[in-house]
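Note sheet for the following structure.
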Amino acid sequence: MFSLEGRKALVVGVANEHSIAWGCATALKAQGADLAITYLNAKAEPFVRPLAETAGAEIVLPLDVSRAGEMEAVFDAVRDRWGRLDILLHSIAFAPRQDLHGRVVDCSAEGFAQAMDISVHSFLRMIRLAEPLMTDGGTCLSVSFFGSERVVRHYNMMGPVKAALESVVRYAAAELGEKGITVHALSPGPLKTRAASGIDHFDELLDAASARAPTHHLATIEDVGAMAAFLASREARNQTGGIHAIDGGFSITA
């Protein structure tokens, strides 16, 4: 029903074949988009580069958003290779382990600031760099979680961080709408990713989500990718600022 043929997509956050970002990258590619894919560092490169090559990515570069200049280098490469950008997918989050595993009220100022910078402000910085490349409009996507609006046991400080991310989505959508740039958050239910494995008792959360969701199925990275691909299409150009649940109805149940 829709095509992304010829659209240029930058995907940030692929760690391995189980990553949400990888599910999105494969869905965008399947609909015809050309890909640029980043990897965190030299340690991550052997896991990500083969995936990027399999997907025919035209740009494969390192991107640690905490390292000065790396983000700018990626967007410079996009401009030099393509001259424009149509789709930005931001799927990165981080919190120091000691802060993530403690009470929210006990988290350190330094840990909270680092989590906000990497998980939230990096999305704003990417949007700012993407904006001049989205000359014919575009779509900016990030990834959130239900713990942003409800207390989820053991999700801890990432709840307030994701709440901030969702607010950023709404404000950025309002500011960029007149340029034809849409902004969204994808909000899958619990799924098995490398990042999620850092949350205490995560297997219990997976079991509870599967039992509570009306479909009794956990979200998959393919489910998230399908939503990302649609939101990036021209058919979705009049939708923006949304927090899109992809969770089998988990978030509608009490």
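Throughout, read-outs are computed from the coordinates displayed, never taken from laboratory work. None of these values were measured; they are calculated from a predicted model. Heads up, the Cβs are rebuilt from the backbone with ideal geometry, glycines too, and the neighbour counts pull from every protein chain shown.
Of all the options 143, 151, 60, the one that moves most in a Gaussian network model of the chain with Cα springs shorter than 10 angstrom is 151. By the helix-only formula, in which each DSSP H run with n ≥ 4 contributes -39500 (n - 2.57) and the sum is divided by residues, the chain has a 222 nm mean residue ellipticity of -11500 deg cm²/dmol. Considering only 138, 112, 91, whose Cα is most displaced toward the positive end of the charge dipole of the chain, charges sitting on Cβ of Lys, Arg (+1) and Asp, Glu (-1)? Projecting each Cα onto the dipole axis, the largest value belongs to 138.
Looking at region 9-69, the trypsin sites (Lys or Arg not before Pro) that sit in a DSSP loop and have at most 15 other Cβ atoms within 10 Å of their own Cβ are 43, 67. Taking label points 7 Å from Cα along the Cα-to-Cβ direction, residue 203 and residue 135 give a separation of 5.4 nm. Treating cross-link reach as a plain straight distance, find the aspartates and glutamates whose alpha-carbon is under 17 Å from the alpha-carbon of residue 179, omitting any fewer than eight places away in the same chain. Reachable aspartates and glutamates: 86, 131, 136, 235. To the nearest 0.05, how large is the calculated FRET efficiency for residue 5 and residue 106 if R₀ is 45 Å and r is the Cβ-Cβ distance? For residue 5 and residue 106, the calculated efficiency is 0.35.
For region 8-248, a simple Cβ point-charge model (Lys and Arg +1, Asp and Glu -1, everything else neutral) yields a dipole of about 160 debye relative to the Cα centre. Compared with the dominant Cα axis of the chain, that is its longest principal axis, helix 70-82 is turned about 40°. Here is the list for region 87-134: trypsin sites (Lys or Arg not before Pro) lying in DSSP coil, each with at most 11 other C-beta atoms within 10 angstrom of its C-beta, are 103.
Here r is the Cβ-Cβ distance between residue 43 and residue 252 and R0 is 41 Å; the resulting FRET efficiency, rounded to 0.05, is 0.55.
Region 217-254 and region 36-112 have their alpha-carbon centroids 22 Å apart. Could you calculate, for region 209-254, the ratio of the Cα radius of gyration to the Kirkwood radius, expressed as Rg to Rh? Looking at region 209-254, the ratio lands at 1.05. With the largest listed first and rounded to whole Å, the semi-axes of the equivalent ellipsoid of region 8-248 from the Cα gyration tensor are 26, 20, 19.
Between residue 30 and residue 76, full extension at 0.36 nm per residue minus the direct alpha carbon distance yields a gain of 14.0 nm. Taking the longest Cα principal axis of the chain as reference, the axis of helix 20-30 is set at about 30 degrees.
Principal-axis analysis of the Cα atoms of the chain puts helix 45-54 at an angle of about 50° to the longest axis.
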